[in-house]
Amino acid sequence: MKVRRRLVHRFITFELYANFSADSVKNMANRRFCVGGNWKMNGDQKSIAEICKVLSDAALDANTEVVIGCPAIYLMYARNLLPCNIGVAGQNAYKVAKGAFTGEISPAMLKDIGAEWVILGHSERRAIFKETDELIAEKAEHALAEGLKIIACIGETLEEREAGKTNDVVARQMCAYAKKIRDWTNVVVAYEPVWAIGTGKTATPEQAQEVHAYLRKWLEENVSKEVSASLRIQYGGSVTGANAKELAKKPDIDGFLVGGASLKPEFVDIINARK
Ligand code: PGA
């Protein structure tokens, strides 16, 4: 029975990926699927306890790495409520360890309270708080030097997409990171088209795959073949329990960064999209 099931699985896998090269399917299998929740500035003690309970009780795909981006003030609280196989992430951190920077938190502080990750360069940080490519890259450099893992966000606006500038924009954002990042082991890139964030307008699996494939090509040409093959690239922007499975079939999509739906029980279906 087991052998039959394995053969059927292999056949389905073959059918699914028949259009992709053997190398790209192998590389895909080597990159552990990674799903981040980005709660943004949402939640209170009561609702966070509820979400943490849902996640603790759910049967989550053991092959998927899960990270929760929690508001800084609740990080320790969420860390204590979540099982240890779920990581927690700050949603931002400054570029130095400590000092006179009122209102900021540092990677050292995140590590101190048990967070292993930080989300950097989210489009809301870029657009609302005017963070530049350079500042975000400096934050990435420092967070990595402090031993945190980072989710490095990039993505184009609707205006940029309509002007045919998507590739140029993501290349510029990647270039800024690449100037400061030497070792990509602890980096996950999140491609999040700004027009898809919080709008209910998801990129189609083909649109997302097209940019992810371009990013791999960019990495191969500008960083290395190894990093291009091993770096995980998440898609973000109105991912839901309903659309995650189709997106997850694409060979260059290695997970998701999820805003709105990460606050709901359907986040479990997104985590299990490859199951
Ligand atoms: P969304 O947000 O899933 O609500 O579109 C994604 C994000 O901002 O990371």
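Condition test on Asp133, is it surrounded by fewer than 23 Cβ atoms within 10 Å (Cβ to Cβ), under 19 Å from the mean Cα position of the chain (by Cα) and more than 16 Å from the ligand (Cβ to nearest atom)? Show your work before the answer.
Numbers: surrounded by fewer than 23 Cβ atoms within 10 Å (Cβ to Cβ): yes; under 19 Å from the mean Cα position of the chain (by Cα): yes; more than 16 Å from the ligand (Cβ to nearest atom): yes.
In short, yes.
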**Request:** Scan the stretch 185-215 residue by residue and report those that are open to solvent by less than 20 Å² (accessible area, probe 1.4 Å) and not in a helix (DSSP H, G or I).
**Result:** Val187, Val188, Val189, Ala190, Tyr191, Glu192, Pro193, Ala203
**Prompt:** Are any residues in the stretch 211-247 among the hydrophobic types (A, V, I, L, M, F, W, C) and touching a strand residue (DSSP E or B) at 6+ places or on another chain (Cβ under 8 Å), and if so, which ones?
**Reply:** Val211, Leu215, Leu231, Ile233, Val239, Ala244, Leu247
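Yes or no, residue by residue, for (1) closer than 27 Å to Leu60 by Cβ; (2) of a type in the set (A, V, I, L, M, F, W, C):
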{"residue": "Tyr177", "(1), (2)": "no, no"}
{"residue": "Lys180", "(1), (2)": "no, no"}
{"residue": "Lys201", "(1), (2)": "no, no"}
{"residue": "Lys225", "(1), (2)": "no, no"}
{"residue": "Ser228", "(1), (2)": "no, no"}
{"residue": "Gln234", "(1), (2)": "yes, no"}
{"residue": "Lys250", "(1), (2)": "yes, no"}
{"residue": "Val258", "(1), (2)": "yes, yes"}
{"residue": "Arg274", "(1), (2)": "yes, no"}
**Asked** Does the stretch 216-242 hold any residues that are within 11 Å of the ligand (Cβ to nearest atom) and surrounded by fewer than 19 Cβ atoms within 10 Å (Cβ to Cβ), and which are they?
**Response** Thr240
**Message:** Just checking, does the stretch 245-252 include any residue being within 16 Å of the ligand (Cβ to nearest atom) and either within 15 Å of the chain's Cα centre (by Cα) or open to solvent by less than 10 Å² (accessible area, probe 1.4 Å) (or both)?
**Reply:** yes
**Asked** Given the conditions (1) within 15 Å of the ligand (Cβ to nearest atom); (2) at pLDDT 95 or above; (3) over 16 Å from the mean Cα position of the chain (by Cα), which single one is not true for Lys201?
**Response** (2)
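The values are calculated or read from the model by the stated rules, or taken from the named source; none is laboratory data. Remember, predicted model here, so these are calculated numbers, not experimental data. So basically every Cβ, Gly included, is an ideal-geometry build from the backbone, and we count neighbours across all protein chains shown. Each accessible area value is taken on the protein alone, full model and side chains, heavy atoms only, with ligands, DNA and RNA left out. Shrake-Rupley method; radii C 1.70, N 1.55, O 1.52, S 1.80 Å.
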